[in-house]
Amino acid sequence: VLGVANDRSIAWAIARTLGQAGARLALTYQDDRLKERVSRLADSLDDALVVPCDATDDEQIVDLFQRVEEAFGDISFLVHSIAFANREDLAGRFSETGRDGFRIALEVSAYSLLPLVKNAAPLMREGGSVVTMTFHASQRVYPGYNVMGTAKAALEHEVRQLAAEFGEQSIRFNAISAGPLETLAARGIQGFMDLRRHHAERAALKRNISADEVAKAALFLCSDLSSGITGSVMPVDAGYHIMAV
């Protein structure tokens with residue numbers, strides 16, 4: 001599970017739910033600043049492995065899966081919950097997005113899935129499941145999301161492309177399109193609380209979602225219960241995506 005930053009991370013909710021279902025997990029942390037925090041969370045799981053991995057560093061990705069293979073032998077799923085964009089590229093005029101800012105957002109939020117899959121797939125010897133996180137801004141314009149919407153659109157295309165490429169190996173790829181959750185990353189989105197309020201008012205269920213609801217969807221997609229599903233985007237947004245808003 002990649003992307004755990006603190007106990008409010010979507011990745012942590014997913015990891016906790018997978019652990020409760022009996023999975024043995026490997027959690028990654030980006031740098032030493034997050035090591036203690038992730039290790040403390042991992043202590044609440046059963047025999048979890050904690051490994052450093054900056055997803056922009058190919059050598060660290062290779063080392064991650066070498067260590068995972070040594071510890072686990074093979075794996076059955078990969079959860080990619082990584083995204084980043086410079087704060088200044090999330091607000092203002094999208095047309096003024098800088099070249100470096102665009103590259104960083106796409107590299108971290110979308111491209112990072114590819115080298116992870118390249119190294120994870122050989123360990124999915126009997127098939128497996130890859131789950132990543134997206135958002136409705138891949139399809140619609142959300143104020144304060146800007147280049148991240150572009151990155152999520154690219155990520156969703158990767159899901160379809162990889163599903164076709166790895167289908168014969170019984171490796172499935174799906175994305176969860178979660179409603180707005182109060183995470184550390186969400187704090188960088190201008191007007192986020194207004195977005196949450198609007199979502200709750202307009203969603204079919206007339207409420208916001210919880211991280212646990214996203215985690216249960218991830219458990220389903222990581223398990224054999226979803227064995228016939230690949231290349232899909234699963235909305236977990238209280239029905240917001242169906243409404244004409």
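The values are calculated or read from the model by the stated rules, or taken from the named source; none is laboratory data. Computed from a predicted model, the values in this text were never measured in an experiment. Glycine also receives a Cβ, built like all others from the backbone with ideal geometry; neighbour counts cover every protein chain displayed. These accessible areas exclude ligands, DNA and RNA; they are computed on the full protein's heavy atoms, side chains included. Shrake-Rupley method; radii C 1.70, N 1.55, O 1.52, S 1.80 Å.
Observations on the structure shown:
- Selected residue [assigned to a loop (DSSP other than H, G, I, E, B), under 19 Å from Ile176 (Cβ atoms) and not small (Gly, Ala, Ser)] from Ile14, Ile82: Ile82
- Among the residues of region 24-37, the ones that are within 26 Å of Gly179 (Cβ to Cβ) and open to solvent by 30 Å² or more (accessible area, probe 1.4 Å) come to 2 in all.
- Residue in region 206-224 that is of a type in the set (Gly, Ala, Ser), modelled with pLDDT of 95 or more and more than 19 Å from Ala15 (Cβ to Cβ) present: no
- One residue stands out in region 121-153 among those that are among the hydroxyl-bearing types (Ser, Thr, Tyr) and part of a strand (DSSP E or B): the one that is surrounded by the most Cβ atoms within 10 Å (Cβ to Cβ), namely Thr132.
- Answer residue from region 95-114, given it is more than 18 Å from Val62 (Cα to Cα) and of a type in the set (Asp, Glu) and is least open to solvent (accessible area, probe 1.4 Å) among those: Asp100
- Within region 195-245, the set of residues being β-branched (Val, Ile, Thr), in a loop (DSSP other than H, G, I, E, B) and surrounded by 17 or more Cβ atoms within 10 Å (Cβ to Cβ) comprises Ile209, Thr230.
- Residues that are β-branched (Val, Ile, Thr) and within 20 Å of Ala83 (Cβ to Cβ) within region 18-50 comprise Thr28, Val38, listed in sequence order.
- For region 42-64, the set of residues classified as in a loop (DSSP other than H, G, I, E, B) and more than 19 Å from Arg24 (Cα to Cα) consists of Asp54, Ala55, Thr56, Asp57, listed by residue number.
- Here Gln20 fits the description: of a type outside the set (Val, Ile, Thr) and modelled with pLDDT of 95 or more.
- Search result, residues across region 63-89 that are in contact with a helix residue (DSSP H, G or I) (Cβ under 6 Å, 6 or more places away or on another chain) and either of a type in the set (Lys, Arg) or open to solvent by 30 Å² or more (accessible area, probe 1.4 Å) (or both): Glu69, Asp74, Phe77, Ala83, Phe84, Asn86, Arg87
- Region 93-120, residues that are of a type in the set (Gly, Ala, Ser) and in a helix (DSSP H, G or I): Ser95, Gly101, Ala105, Ser109, Ala110, Ala120
- Residue within region 38-56 that is within 18 Å of Pro122 (Cβ to Cβ) and exposed (fewer than 14 other Cβ atoms within 10 Å of the Cβ) present: no
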